1. Search the stretch 230-260 for residues being touching a helix residue (DSSP H, G or I) at 6+ places or on another chain (Cβ under 8 Å) and of a type in the set (D, E, K, R), and hand back the single one that is nearest to GLU36 (Cα to Cα).
2. Any residue at all in the stretch 237-258 that's surrounded by fewer than 18 Cβ atoms within 10 Å (Cβ to Cβ), among the charged types (D, E, K, R), over 16 Å from the mean Cα position of the chain (by Cα) and farther than 29 Å from LYS157 by Cα?
3. SER218: within 17 Å of the chain's Cα centre (by Cα) and either surrounded by fewer than 19 Cβ atoms within 10 Å (Cβ to Cβ) or among the hydroxyl-bearing types (Ser, Thr, Tyr) (or both), yes or no?
4. Collect the residues in the stretch 79-104 that are of a type in the set (S, T, N, Q) and either at pLDDT 95 or above or buried (at least 22 other Cβ atoms within 10 Å of the Cβ) (or both), keeping them in residue-number order.
5. Suppose the filter is assigned to a helix (DSSP H, G or I), acidic (Asp, Glu) and either farther than 21 Å from GLN34 by Cα or modelled with pLDDT of 95 or more (or both); does ASP201 pass it?
6. Six or more apart or on different chains, Cβ under 6 Å: which pairs go from a residue in the stretch 236-262 that's of a type in the set (Asp, Glu) to one that's modelled with pLDDT of 95 or more and crowded, with 16+ Cβ neighbours inside 10 Å? Could you list them?
7. Under 9 Å between Cβ atoms, which residue pairs at least 6 apart in sequence (or on different chains) link something in the stretch 184-208 that is on the phi < 0 side of the Ramachandran plot with a partner that is crowded, with 19+ Cβ neighbours inside 10 Å and among the acidic types (Asp, Glu)?
8. Within the stretch 120-149, work out how many residues are among the aliphatic types (A, V, I, L, M) and more than 23 Å from VAL84 (Cβ to Cβ).
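The values are calculated or read from the model by the stated rules, or taken from the named source; none is laboratory data. Computed from a prediction, not measured in an experiment: that's the story for all the values here. Neighbour counts run over all protein chains shown; Cβ positions are idealised from the backbone, glycine included.
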Amino acid sequence: MIIIGERINGMFTDVKDAIASKNKQPIQELARKQTEAGAAYLDVNVGTAAADQEGTMQWLVETIQSAEGGCSTPLCLDSQKPSVIAAGLKVINAETGAILNSTPLNKKTDEEILDKYIEMAEQTGPKVSIITLTMDKNGVPQDVDTRVAIAAEIVQKAMEKGFDTQRLFIDPIVLPVKVPNAQVQAGNLLAAMDQIKYLADPAPHMTVGLSNVSQGASERSLINRIFLTMAMSHGLDSAIADALYENLINVVATFDMLMIKEIYSDSFLKLYTAANKA
């Protein structure tokens, strides 16, 4: 399971305050802690924390990479604005990889947005991947078939452009279960995953913004853990999630052990954490 640490996001109060005061310490501390917890990537999202999103994205990237002792954990630049992604790419060290998060198939205001993300990834380096949303100019689909159809178009376009499908992370878009009429979407997501994993060989990765499923709910951590387990059983191999939440990481470790992806020992939780840190 590829965990993309979610915490460097301007939607969180501590990050928003750090951005406003240009205080590097909280950002670098979050980068360090998530790395030590085993995050494979660090999501970097300006959110609504600053009017100058391009400049702030550059500041966040430079702040993380200049942390004392260095932070070599690959970054996941998070914005649906190509200009903000491009700004981050100007200062990023992508030698160990990076992810551009995220692009829909198309938008009413930009029919070629997916092409732009593919081009940015190709120009930056062979280890740069893209998170693509099963979403188009008509918005977020509410049914299984449309989600899968959009995912198929994304895969087809990537293949036409010679973009390795293993550099694609397809996000079928999690909706909060608390939103009226959205509870059914959790099941729709799983059904879509069952088909998306067969769209190419090798298959694209699948990811979700995990915390979205419990947005506004009273039992957030429980909902997140259970949904993650369900989704992994349908082929999910990545999640933008709280890498600092030990119980969540333990779910991933236990799932891998029960699916014989890891050899059982009485210390399987410790071994999983140690392996991911390494």
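1. My answer is ASP242.
2. So far as the stretch 237-258 goes, yes, one or more of its residues are surrounded by fewer than 18 Cβ atoms within 10 Å (Cβ to Cβ), among the charged types (D, E, K, R), over 16 Å from the mean Cα position of the chain (by Cα) and farther than 29 Å from LYS157 by Cα.
3. Here the answer is no, as SER218 does not meet what is asked.
4. Within the stretch 79-104, SER79, SER83, ASN101, SER102, THR103 qualify.
5. no
6. These pairs meet every condition: ASP237/HIS205; ASP242/GLU6.
7. MET206/ASP171; THR207/ASP171; VAL208/ASP171
8. Final tally of qualifying residues: 3.
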